[in-house]
1. Just a yes or no: is a residue in the stretch 327-336 under 30 Å from residue 62 (Cα atoms) and either among the small types (Gly, Ala, Ser) or in the same structural domain as residue 60 (by TED's automatic domain parsing) (or both)?
2. Quick test for you: out of 275, 325, pick the one residue that is in contact (Cβ under 8 Å) with a residue 12 or more places away in the chain, more than 23 Å from the chain's Cα centre (by Cα) and surrounded by 14 or more Cβ atoms within 10 Å (Cβ to Cβ).
3. Hey, any hits in the stretch 243-255 for a residue that's in contact with a Pro (Cβ under 9 Å, 6 or more places away or on another chain) and charged (D, E, K, R)?
4. For the stretch 275-300, enumerate the residues that are assigned to a loop (DSSP other than H, G, I, E, B), closer than 19 Å to residue 261 by Cβ and either modelled with pLDDT of 95 or more or not polar (S, T, N, Q) (or both).
5. What tally of residues in the stretch 336-391 results from selecting those that are acidic (Asp, Glu) and exposed (fewer than 12 other Cβ atoms within 10 Å of the Cβ)?
6. Could you tell me whether any residue of the stretch 233-246 is in contact with a helix residue (DSSP H, G or I) (Cβ under 8 Å, 6 or more places away or on another chain), among the charged types (D, E, K, R) and in contact (Cβ under 8 Å) with a residue 24 or more places away in the chain?
7. Could you give me the residue pairs with C-beta distances under 7 Å whose first residue belongs to the stretch 368-383 and is within 21 Å of residue 153 (Cα to Cα), whose second residue is modelled with pLDDT under 75 wherever it lies, and which are 6+ apart or on separate chains?
8. Going by what's in this entry, would residue 104 be described as surrounded by fewer than 19 Cβ atoms within 10 Å (Cβ to Cβ) and under 24 Å from residue 360 (Cβ atoms)?
Amino acid sequence: MQLIQGFQKWWPGSKIHVTSTSAPNRHCTVLERSGVTCSQITLNRNLSIQELVTDCRPDVVVFDRFLAEEQFSHGIKSHWPKALTILDTQDIHSWRRARKACIKQGGSVSASFNTRPLLTQPDFLRELASIHRTDLSLLVGSSEKDLLIEHGVPSSKLAMAPFFYQQIEAQKFQNFGNRRDFVSIGNFMHEPNLDSLMWLIDSGLWRDILTRVPDAEIHIYGAYAPTAFIQKVKNIKGIVFKGFTEDLNILERYRVLLAPLRYGAGVKGKIVDAWRYGTPVVTTPIGSENMTDPISNEWGGSWSGTTKEELCNAAVNLYTDESLWISAQASGCKLANDYFCNPDILNRLKFKVEDHIENLDSFRSADAFQSILWHQTNRSTEYFSRWIELKETSN
């Protein structure tokens, strides 16, 4: 939504069309209220793509993650090649999966953090191919950019696009004395969120925290929680399952956001949201990735803990030490304003997109990898889609 609002601000009067294979839902209603046209497209139907692009005649096409690019970019290339194609990566999915594999094989949080995707991983190759096929890719963090450049992606094809929020007014925050308890927030369909909470419980981390601050609770928010998890926490002292919430204002009630992430990638939205409401955070290096100041090492809470003992100490200290908490709150506010509420970030992205629109032919003629991948012998996703269409319509 932030990117859509950016497009509307950059090009007043332009038409924005959002299409998906999913049936229209309440999210479409929100988009349509902001002037966006929504529609449903049929997967593996060449005519559906052709009708869409010839009707919209887009200057820019944005793919929501690499799976969407694999499914639809060949249709854009065939029927409307003049459009600038942008891949919104969100994060490098194969990096998250590589770290998950490390944890599932018994690796530590430190080992997970130091794990990198390899060219032997098919999913990493798919992501790289998707990035090379498109004209520009949006990244949320500098670590992703460094990884891709290391693997041969030109920096000219990469643009930083973290979160874009309004500047935070710290004086409006609730103070230390008006807050209590820990909080966790995150969609349970995102596996790192569920894993972090299971580790919080099964490792004894929450038990150790509660031993030292016996009056504290942790309130857990998030949609799509498995029934088994809800049942698991029902009778655990100090854990209160709250379920789904649309109101992020609830974060300002709590003293500390606890996010003991063992794997993941990209920028963690829950941490930025906590800072936006003046709530310091205790997490791991996985959680703080792309979010620390490289010069001052300043952070809005504690980010270096990798063991349950280190995380327990950090959580208890931040929860009970008012001066430490006030300092962490101020640091979180500063980092959020510098990295996620800075209009210069959006302006730099605007310049990069406009430069690519104006000089698209030049960028493409210099992009050897893109040309190679669009050669017919390498267009496996297109021919697989054609095969599915033929198979489903030949009866």
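The values are calculated or read from the model by the stated rules, or taken from the named source; none is laboratory data. Every value quoted in this text rests on a predicted model; they were computed, and no experiment measured them. Backbone-built Cβ (ideal geometry, glycine too); neighbour counts: all protein chains shown.
1. yes
2. 325
3. First pass over the stretch 243-255, keeping only residues in contact with a Pro (Cβ under 9 Å, 6 or more places away or on another chain): 255.
Still in the running and charged (D, E, K, R): 255.
For the stretch 243-255, residues in contact with a Pro (Cβ under 9 Å, 6 or more places away or on another chain) and charged (D, E, K, R): present.
4. Going through the stretch 275-300, the residues assigned to a loop (DSSP other than H, G, I, E, B) turn out to be 277-280, 284, 289-300.
From the residues that got through so far, the ones that are closer than 19 Å to residue 261 by Cβ too are 279-280, 284, 289-292, 299-300.
Residues satisfying the conditions are 279, 280, 284, 289, 291, 299, 300.
5. Step one: list which residues in the stretch 336-391 are acidic (Asp, Glu), which gives 338, 344, 354-355, 358, 361, 367, 382, 389.
From what is left, the residues that are exposed (fewer than 12 other Cβ atoms within 10 Å of the Cβ) are 344, 358, 361.
Going through the stretch 336-391 one residue at a time, the tally reaches 3.
6. yes
7. Once the first residue is within 21 Å of residue 153 (Cα to Cα) and sits in the stretch 368-383, its partners that are modelled with pLDDT under 75 give 372/378.
8. It is false that residue 104 is surrounded by fewer than 19 Cβ atoms within 10 Å (Cβ to Cβ) and under 24 Å from residue 360 (Cβ atoms).
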